[in-house]
Amino acid sequence: MTTLTLADWQQRARDLRIEGQAFVQGQYTAAADGATFDCISPIDGRVLVQVASCGAADAEQAVQSARAAFESGIWSRQAPARRKAVMIRFADLLEAHKEELALLETLDMGKPISDSLAVDIPGAARALRWSGEAIDKVYDEVAPTPHDQLGLVTREPVGVVAAIVPWNFPLMMACWKLGPALATGNSVVLKPSEKSPLTAIRVAQLAVEAGIPPGVLNVLPGYGHTVGKALALHMDVDTLVFTGSTRVAKQLMVYAGESNMKRVWLEAGGKSPNIVFADAPDLAAAAEAAAGAIAFNQGEVCTAGSRLLVERSIKARFLPLVVEALKGWTPGNPLDPATNVGALVDTQQLDTVLGYIEAGREAGAQVLIGGQRTLEETGGLYVEPTIFDGVSNAMKIAQEEIFGPVLSVISFDSAEEAVAIANDTPYGLAAAVWTADLSKAHRTARALRAGSVWVNQYDGGDMTAPFGGFKQSGNGRDKSLHAFDKYTELKATWIKL
Ligand code: NAD
């Protein structure tokens, strides 16, 4: 919790010096062709800074810098214990600059400052620290070979990693990649979203301050179709790690196939079901969680509980509790520490969300609460948290990821029907089940095609467990030791004895 007030944060926003350049070979630099774009705050439409709009020439330079650093061994061949110390210092520096980074995040993408402080920046630091702390505790293997052979199974860094990340948790998503990528000894070219590049640009300098050698971490702000595409097609990028939409994820697989068959690891979209059975142990808690699952971070969450599946026998009792709980999530100025729903990231996202609300109405679903743009007079981009009842799972609002605070309520009569509806989307990122029946909880969790399943809670997890998707929600996993698989190649060495 911060003791700073809205007025304090507004003053700090005015005083803030914002860096908008790319970071290559340990230096801030303009794009090769000098191009920039306006970085606009969704809080009030103010231009925060001109940001370097990188392109193919910048990708070329950054990949060369990353490759040279990797081949030099200055980081890739450091003892793991030494990399650990640097990663921990990097995490410490994020924490030491927590308020500055939180302010940048909030100004840039509109999330509440309380969330930036409590969730985003600590989450980013934890990812760096956890991966750093782990790296000198991971052993390689000796294979169970015949007596006259020694078989070593070792892990090596892949080399140059391109990381392309989204705007909803800008720094945290970046650090879920940077933690394991850097800890395992790779060099990285990070491309933040054009909608939220500021924290990635800022922490590049902190990485160097922590002791990460120049060239090991480069940051290229810019658009997906320019610098993002150039990285994805680059012949000297070994691995591409991505968090973002399923549409772009599919395109990246094509780019890899058209270029050097770089490894591609994808964390993509979701349409997660939150299943409430009649025997849920605590309906009030389930209602609170259902509201938070769609309103937190303005619904701009890959694991948002955007489909609420309710057993018909309790629907009349349960839904009013959810509506009441959602009244506690009110859009307001993100710089106000009391605000729990901020602004949507940009006008494009605002139009997308309002378009889905319109589509829900047209399909015959009923708005129980919300459904409008709000606080327009501020110049900011706010939408009321919205609940649609009477949704069938075939409707567009139940099938497509809205990425805004719009909840679809769907009824069911049996556990089998609930699972069938839950699994009936292209996605498989997360799901939740509320029941007091242990067997039913386990049976349902097993039947759900999702990378994370929560029982009697929504959105649990930390660095100790893998996170990622089934189906078109992606492949591979972030977090935990499983994340190291993305950033290392396995080598088998056979020695004749
Ligand atoms: P997006 O796919 O539009 O963009 C993600 C990144 O890809 C951005 O940096 C963008 O510039 C870049 N990009 C776009 N087109 C590209 C191209 N042709 N070549 C290379 N790069 C390109 O996604 P977004 O709108 O930034 O983020 C929202 C999406 O992210 C949602 O679908 C959400 O579910 C998903 N997400 C998933 C997770 C997860 O862990 N599974 C976490 C957070 C967000």
Can you compute the helix-only [θ] at 222 nm over the chain? Use -39500 (n - 2.57) per DSSP H run of at least 4 residues, normalise by all residues, nearest 500 deg cm²/dmol. -11500 deg cm²/dmol
In nm, to one decimal, how far is the modelled label at ASP437 from the one at ALA284, with both set 7 Å along Cα→Cβ? 2.5
Whenever you get a sec, compute what percent of the accessible area on the chain sits on carbon and sulfur atoms (1.4 Å probe). 54
Residue separation times 0.36 nm, minus the C-alpha to C-alpha distance between HIS225 and ARG317: what's the value? 28.3 nm
Given H placed 1.01 Å from N in the peptide plane, which residues other than close sequence neighbours of LEU190 have an amide H under 5 Å from its amide H? ALA163, ASN218, VAL219, LEU220
What residues qualify as long-range amide H neighbours of ALA432, i.e. H under 5 Å apart, gap of 5 or more or another chain, H built at 1.01 Å from N? ASN274, ILE275, TRP454
Where does the charge balance sit around ALA13 when Lys and Arg score +1, Asp and Glu -1, over other residues with C-beta under 13 Å from its C-beta? -4
So, in nm, how far is label GLU156 from label ALA394 when the simple model puts each one 7 Å beyond its Cα toward the Cβ? 5.5
Between ALA143 and residues 5 or more places away or on another chain, which pairs have amide H atoms under 5 Å apart, with H built 1.01 Å from N, and which residues are they? GLY151, LEU152, VAL153
Stretchable slack from ALA465 to GLU417, in nm (0.36 nm times residue separation minus alpha-carbon distance): 14.4 nm
Give me the number: length gained by fully extending GLN64 to ALA85, i.e. 0.36 nm times residue separation minus the C-alpha to C-alpha distance, one decimal in nm. 4.9 nm
³J(HN,Hα) computed for each position of segment 152-167 - Karplus, 6.51 cos²θ - 1.76 cosθ + 1.60, integer Hz, glycine/proline x: 9, 10, 10, 9, 10, x, 6, x, 9, 10, 9, 10, 10, 10, x, 9
Accessible area (Å², per residue) of segment 6-268, counting only protein heavy atoms and a probe of 1.4 Å: 37
R0 of 45 Å, Cβ-Cβ distance GLN11-LYS250: FRET efficiency to nearest 0.05: 0.50
How large is ³J(HN,Hα), in whole Hz, for each residue of segment 484-492 in order, when computed from phi with the Karplus curve 6.51 cos²θ - 1.76 cosθ + 1.60 and θ = phi - 60°, using x for Gly and Pro? 5, 4, 5, 10, 9, 9, 8, 10, 9
Say R0 is 25 Å: what FRET efficiency, to the nearest 0.05, do GLN149 and ARG77 get from their beta-carbon distance? 0.40
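The values are calculated or read from the model by the stated rules, or taken from the named source; none is laboratory data. The shown structure was predicted, so the numbers you read here are calculated from the model rather than taken from an experiment. Reconstructed Cβ throughout: ideal geometry from the backbone, glycine too, with neighbour counts over all protein chains shown. When the accessible area is computed, the model is the full protein with side chains, heavy atoms only, and any ligands, DNA or RNA have been set aside. Shrake-Rupley method; radii C 1.70, N 1.55, O 1.52, S 1.80 Å.
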